């Protein structure tokens, strides 16, 4: 009898061990471990959405306060253009011409703002803002008649470089028999006395310093049959700096001023025209910073090549261009609610190019 009771106790303890092999007080902890990353991700996305919504409200409030006030508008424009100024001690000859361009740029912006105020309804009606997307099909957005497709970017944003790769490679895939060039400021130009090096000696430009940020992108395009050549006349800029006697021998500061951008744009336009003359059947993607390609800037690159049908795509970070009067209209709620999506705005009326800056604008989240 004692033995029977002992065996029964053992059996009960053993079965209890099976039941309690996963004690109930551990289950919530385990579930917590499973769901914690998801919950943290959702919380982060909610914070990003709130940040994006606050930014839109802040920009709208800033514009309502600034745009009607001549004094405040002048201050904002002065601040936004300050980085384009040239030190008079180093650039005695060019600083005066550069200052004239800064004043002309202020006037140009005020004229565009007046245009927006007069024709706000027509401007907004001409903007086709697409539903937010995780991936963009660029082929239907590209003008099939365009000889030059300008790709203007905000520098040093990895996601923008990925979009540049997408638009060129999608076009390459759609047009397998067509010769396609990518001409870019991120690569030094070939000079007449030299052989035509594709990907010029592997030397790439980032600002005015030699760097490799754009090398993977350009190499990838080259591997996919795109002809990649440089536009930046680095050696010519050095020669010019020596000729005008500035104490900045590489023309580094000068090239970032408005007069410097004009000098570079004129050089780029000559190079682009030469390539098109040599390859009249090819299509040319011209990849630069948006300040060179945007219609919003005086003496932009497209205006220097009026004989060719062209189209401008601008790739920008959401919230960086706060002086755009149409800012709020460019972003749908689905873009603001999804920090991994892209916004695409297509301008249907060329009349407003100088206001919006591009025929197609793509915004990324940073």
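Bear in mind that the values in this text are calculations on the coordinates, not laboratory data. Just so it is clear, the model here is predicted, and its values are computed rather than measured. Cβ placement follows ideal geometry from the backbone for every residue including glycine, while neighbour counts extend to all protein chains displayed.
Take each of the peptides 227-236, 153-162, average the number of other beta-carbon atoms within 10 Å over its residues, and list them starting from the highest. Mind dumping the intermediate values first?
Values: 227-236: 20.6, 153-162: 16.5.
Peptide ranking by packing, descending: 227-236, 153-162.
Considering only DSSP beta bridges whose two residues both sit in the chain, what percent are antiparallel, to the nearest 5? Don't skip to the end; give the middle numbers.
On the way: 11 of 38 bridges.
So the antiparallel bridges amount to about 30 percent of the total.
For the chain, find the longest principal axis of its Cα atoms and tell me its angle to the long axis of helix 70-81, 0 to 90°, nearest 10.
Helix 70-81 and the main axis of the chain meet at about 90 degrees.
Helix 92-118 against the longest principal axis of the chain: what's the angle in degrees, Cα atoms only, rounded to the nearest 10?
Helix 92-118 sits at roughly 60 degrees to that axis.
At R0 = 25 Å, how high is the FRET efficiency between residue 308 and residue 266 if r is their beta carbon distance? Nearest 0.05 is fine. Provide the component values of the computation, followed by the final result.
Details: r = 16 Å, r/R0 = 0.63.
The pair residue 308/residue 266 has a calculated efficiency of 0.95.
Assuming R0 = 35 Å, what is the FRET efficiency of residue 62 and residue 143, from their Cβ-Cβ distance, to the nearest 0.05?
On the way: r = 34 Å, r/R0 = 0.98.
Plugging the Cβ-Cβ distance into 1/(1 + (r/R0)^6) gives 0.55.
So how long is each side of the range 71-149 along the principal axes, counting just the alpha-carbon atoms, biggest first, in Å?
Largest first, the range 71-149 extends 50, 32, 27 Å along its Cα principal axes.
Quick one: work out Rg over Rh on the C-alpha atoms of the range 160-199, Rh as Kirkwood radius. Intermediate results must be reported in sequence, preceding the final value.
Values: Rg = 13.0 Å, Rh = 12.2 Å.
Here the Rg-to-Rh quotient is 1.07.
When 1/r is averaged over all different Cα pairs and the result inverted, which Kirkwood radius in Å belongs to the chain? The partial results should precede the final answer.
Details: mean 1/r = 0.0422 Å⁻¹.
This gives a value of 23.7 Å.
Rank-order 136-147, 105-116 by packing density, defined as the average count of other C-beta atoms within 10 Å over each peptide's residues, highest first. Don't skip to the answer; put the middle values down first.
Values: 136-147: 14.5, 105-116: 16.1.
The densest-packed peptide leads the list: 105-116, 136-147.
Going by alpha carbons, how many degrees (0 to 90, nearest 10) lie between the helix axis of 158-174 and the longest principal axis of the chain?
With both axes taken from Cα atoms, the answer is about 80 degrees.
With viscosity set to 1.002 mPa s at 20 °C, what whole-number translational diffusion coefficient in µm²/s follows for the range 109-171 from Stokes-Einstein and a Kirkwood radius over Cα pairs? Show your work: numbers first, answer last.
Working: Rh = 14.7 Å.
It diffuses with D of about 146 µm²/s by this estimate.
Provide the FRET efficiency to the nearest 0.05 for the residue 159-residue 48 pair, computing r from the beta carbons and using R0 = 25 Å.
On the way: r = 14 Å, r/R0 = 0.58.
About 0.95, to the nearest 0.05.
For a protection proxy built on the mean count of beta-carbon atoms within 10 angstrom, sort 316-325, 181-190, 95-104, 64-73 highest first, please. Walk me through the numbers on the way to the answer.
Numbers: 316-325: 18.1, 181-190: 22.3, 95-104: 15.8, 64-73: 12.9.
Those peptides, ordered most packed to least, come out 181-190, 316-325, 95-104, 64-73.
Mind pulling up the Rg/Rh value for the range 221-270? Radius of gyration and Kirkwood radius, both on Cα. Don't skip to the answer; put the middle values down first.
Details: Rg = 13.5 Å, Rh = 12.0 Å.
Result for the range 221-270 is an Rg/Rh of 1.12.
If you project the alpha carbons of the range 235-297 onto the principal axes, what extent comes out on each, in Å, largest first?
So the three principal-axis extents are 44, 27, 13 Å.
Using Cα-Cα distances under 8 Å and only pairs 6 or more residues apart, what relative contact order does the chain have, in percent? List each step's numbers first, then the result.
Details: 492 pairs, mean separation 91.3, N = 366.
Here the relative contact order equals 25 percent.
Per residue, what volume in Å³ does the convex hull of the Cα atoms of the range 304-366 enclose?
Details: hull volume 6.3 nm³, N = 63.
Considering the Cα atoms of the range 304-366, their hull volume per residue is 100 Å³.
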